[in-house]
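> Here it is, the structure in full.
Only the coordinates and a few stated rules stand behind these numbers; no lab work does. Predicted model only: the values in this text are computed from it and were never measured. Neighbour counts are summed over all protein chains in view; Cβ atoms, including those assigned to glycine, are modelled from backbone coordinates with ideal geometry.
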Amino acid sequence: MGRICEITGKKKLKGHRVSHANNKTNHFQQPNIQNRSVFIPETNAHFKIKVSTSGIKILNRAGGLSRYLAKADPETLNTRLRRLRKAILKKGLSPFG
C-alpha cells in the first residue's frame, strides 16, 4: 500500500505542468501522509497507521481511532481496519456511544 490515507482514502493527484509553449509534462501532487502509532485502550496495544493530516483531524474530532472505527461503515474501511474494528466491538465498545 503506497501513499494512501487509511482513513480518508486520499492518494496522489495526476495533472500536467504546462509551459509557455503549451508543452505538457506529467506532474503528481502527493498527499501529506504521516505514519502514526495510535494507542487502542480496548486491545491495550499500539496500532501503526498511515494517515493524512486531514485524517488526523477526523480522528481527533471523533475522539480517537477506536471511536472512529466503532461508528464507521465497515464497507469503507480496508481489511486491516475492519479486523481492528471487529476486535474493538468484541471487547464491548458500543458504536452508539
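> Which order do peptides 78-85, 61-68 fall in by mean Cβ count within 10 Å, highest first?
Order by mean packing, descending: 61-68, 78-85.
> Now for a separate question. When the chain is fully extended, how far beyond the present Cα-Cα distance does residue 67 get from residue 25, taking 0.36 nm per residue of separation?
10.8 nm
> Amide H to amide H under 5 Å from residue 32: which residues, 5+ apart in sequence or cross-chain, H placed 1.01 Å off N in plane?
Excluding prolines and chain starts, which carry no amide H, the hits are 53.
> Read through the labelled values [x] 20.0, 72; [y] 17.3, 63; [z] 18.4, 65 and report the label of the one computed as Rg and Dmax of the Cα atoms in Å from the structure.
Label of the calculated value: [y].
> Can you compute 3J(HN,Hα) from phi for each residue in the stretch 44-54, using the Karplus curve 6.51 cos²θ - 1.76 cosθ + 1.60 with θ = phi - 60°, rounded to whole Hz and x for Gly and Pro?
6, 8, 8, 10, 8, 9, 9, 9, 7, 5, 5
> Defining a contact as two alpha carbons under 8 Å apart and six or more residues distant in sequence, what relative contact order in percent does the chain show?
This gives 23 percent for the chain.
> Counting other C-beta atoms within 10 Å, which of 57, 11 has the fewest, and how do the rest follow?
Numbers: 57 13, 11 16.
Fewest-to-most Cβ neighbours within 10 Å comes out as 57, 11.
> Report the number of Lys pairs in the chain whose alpha-carbons are under 13 Å apart, with separation of 8 or more residues or on distinct chains.
Final tally of qualifying lysine pairs is 4.
> Tabulate in residue order the Karplus-calculated ³J(HN,Hα) for the stretch 80-85, using 6.51 cos²θ - 1.76 cosθ + 1.60 with θ = phi - 60°, rounded to whole Hz; enter x for Gly and Pro.
4, 6, 5, 4, 5, 4
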